[in-house]
Amino acid sequence: MICFTTFELMIFSENFSLKTYNTFGIDAKAKYFTAFESIAELNSILISEIYKNNKTFVLGGGSNVLFKEDYDGLIIHNKIAGICILEDNKNDVIVEVGAGKNWHNFVMWSVSQGLSGIENLALIPGTVGASPIQNIGAYGLEVKDTIIKVAAIEIATQKVKTFSNAECEFQYRNSIFKGKRKGEFIITKVTFNLSKIPFNKTSYGVIAEELKSLDKAPSPQSIAEAVINIRSRKLPNPEELGNSGSFFKNPVILTPKFTALQKKFPKLVGYKISETETKVAAGWLIDNAGLKGYRKADAGVHINQALVLVNYGEASGEEIIALAKEIQTIVKEKYDIQIVPEVNIL
Ligand code: FAD
Ligand code: EPU
């Protein structure tokens, strides 16, 4: 029997421009870059000398990263595709999805099947494999609500590890993969429970309004359509203006502090998330500090959504970071609240 490994086929590019691999459009360079479409290809990368001798970063769609400088190591770009139906029962369909699959395309596939659970997360850029990293969320739902398990390869041991939903330690814009075990795993597959019974989650105010103006009853399809319309109006399209969505997380503060702040700033926006805590709209804090539309050279605060920092063309990662630090200082001085980046800075 003659066996061929795919090792010889793996291409490692040197001094590789990442400009089209990050939605901020930062022209950083990677010392080495390679991409994999299967576990076999990934295994070939893991046994290579370049992999063994360099630090590594796994890149999906690059929609939640900011390169502050060239990357002095190996970037591995996940392109594992495919949707596999594992189970189809009375109420649910269990699907296993390749980590490199485009997230929005997966959402559109789900709604085209009449399935429910992720329609509120339509038009979020990036890959399925990155969705558990920060537990993506929008318009009243988070991906943790549908994830059953996450399959990954541990970088140090190269062993396969499967994380149950509970083991992922999901929180608002956080998980074990962004927290205490950051950078230790390469996610290869994510398994979701999609429901045949529609969630019809329209409680996030603007969805109900948008459905009304579309004159459509709630369904997975119509909710996805409403979310796409709302997001297209509000958020800059990275293909036209570099950005990575919300640059900062919405800070969570103790409710008495929120109430005191609200006396000073009556229009302050916040949402009670527990008996003791309130999540504050960081976009409001930045906007109310007069920073919406603020610009320094090619780094700016978006004109419609102050939580989104943008690259007007030639901004460097350092310039975006300098702007972010300036915003953090102003917000801290004005409200005594420390806002922290949501974006992964390298
Ligand atoms: P990348 O940016 O490539 O990577 C992000 C992080 O995940 C990195 O640390 C990377 O190492 C890690 N990673 C990626 N793939 C893997 C893998 N297979 N294994 C291990 N680690 C991996 N986010 C929201 O939550 N809600 C929103 O509403 C939202 N709206 C957005 C709107 C715009 C216009 C943009 C540009 C971004 C928005 N985001 C939003 C942020 C972003 O889309 C999500 O965080 C998305 O999940 C990132 O996916 P990605 O494949 O681009 O990840
Ligand atoms: N606001 C302002 N001025 C601004 C921006 C917002 O006053 O410039 C106010 C809005 O009027 C609203 C409140 O702040 O009352 C919240 O704004 P919005 O509904 O736009 O949501 P957000 O809190 O700014 C979050 C997520 C988004 C997600 C939306 C919708 C975070 C960090 N961001 O934004 O996620 O799409 O809710 O659910 O949680 C992302 O993570 O990249 C992202 C885009």
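The values are calculated or read from the model by the stated rules, or taken from the named source; none is laboratory data. Worth saying up front: this structure is predicted, and the values here are computed from it rather than measured. With ideal geometry, Cβ positions are generated from the backbone for all residues, glycine too; neighbour counts draw on all protein chains shown. Side chains included, ligands, DNA and RNA excluded: accessible areas come from the protein's heavy atoms. Shrake-Rupley method; radii C 1.70, N 1.55, O 1.52, S 1.80 Å.
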- Query: Can you name every residue in region 107-131 that is within 14 Å of ligand 2 (Cβ to nearest atom) and open to solvent by less than 10 Å² (accessible area, probe 1.4 Å)?
  - Reply: V107, I118, E119, N120, L121, A122, S131
- Message: Would you confirm whether or not region 298-311 contains a residue that is touching a Phe, Trp or Tyr at 6+ places or on another chain (Cβ under 6 Å), among the acidic types (D, E) and not assigned by TED's automatic domain parsing to the domain that holds G62?
- Response: yes
- Residues located in region 288-345, provided they are among the basic types (K, R) and either within 13 Å of F247 (Cα to Cα) or away from ligand 2 (no atom under 14 Å from the Cβ) (or both): R295, K296, K325, K332, K334
- Message: Within region 139-156, take every residue that is free of Cβ contacts under 8 Å to residues at least 40 places away in the same chain and under 16 Å from V58 (Cβ atoms) and give me the one that is least open to solvent (accessible area, probe 1.4 Å).
- Response: A152
- Message: With the structure loaded, tell me whether Y204 is within 12 Å of ligand 2 (Cβ to nearest atom) and either hydrophobic (A, V, I, L, M, F, W, C) or modelled with pLDDT of 95 or more (or both) or whether it fails that test.
- Response: no
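The rows are residues; the columns are (1) of a type in the set (V, I, T); (2) crowded, with 16+ Cβ neighbours inside 10 Å.
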| site | (1), (2) |
| --- | --- |
| S13 | no, no |
| I39 | yes, yes |
| S48 | no, yes |
| Y51 | no, yes |
- Counting just the residues of region 107-146 that are in a loop (DSSP other than H, G, I, E, B) and under 19 Å from N91 (Cβ atoms), which one comes out nearest to ligand 1 (Cβ to nearest atom)? I118
- Restricting attention to region 135-156, and to residues there that are farther than 20 Å from Y271 by Cα, touching a Ser or Thr at 6+ places or on another chain (Cβ under 9 Å) and of a type outside the set (D, E, K, R), which single residue is modelled with the lowest pLDDT? I155
- Those residues of region 240-269 which are within 15 Å of ligand 2 (Cβ to nearest atom), more than 22 Å from the chain's Cα centre (by Cα) and surrounded by 13 or more Cβ atoms within 10 Å (Cβ to Cβ), in sequence order: I253, F258, L261, Q262, F265, L268, V269
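Conditions tested, residue by residue: (1) open to solvent by less than 10 Å² (accessible area, probe 1.4 Å); (2) within 16 Å of ligand 2 (Cβ to nearest atom); (3) assigned to a loop (DSSP other than H, G, I, E, B).
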| residue | (1), (2), (3) |
| --- | --- |
| T23 | no, yes, yes |
| T34 | yes, no, no |
| N43 | no, no, no |
| A81 | no, no, yes |
| I94 | no, no, no |
- All but one of (1) of a type outside the set (A, V, I, L, M); (2) within 14 Å of the chain's Cα centre (by Cα); (3) surrounded by 24 or more Cβ atoms within 10 Å (Cβ to Cβ); (4) farther than 24 Å from K249 by Cβ hold for K101; which doesn't? (3)
- Message: Considering only region 194-201, I want to know if a residue exists there that is more than 26 Å from N78 (Cβ to Cβ), aromatic (F, W, Y) and open to solvent by 60 Å² or more (accessible area, probe 1.4 Å).
- Response: yes
- Hey, among S219, S195, S232, S213, which residue is modelled with pLDDT of 95 or more and under 20 Å from the mean Cα position of the chain (by Cα)? S232
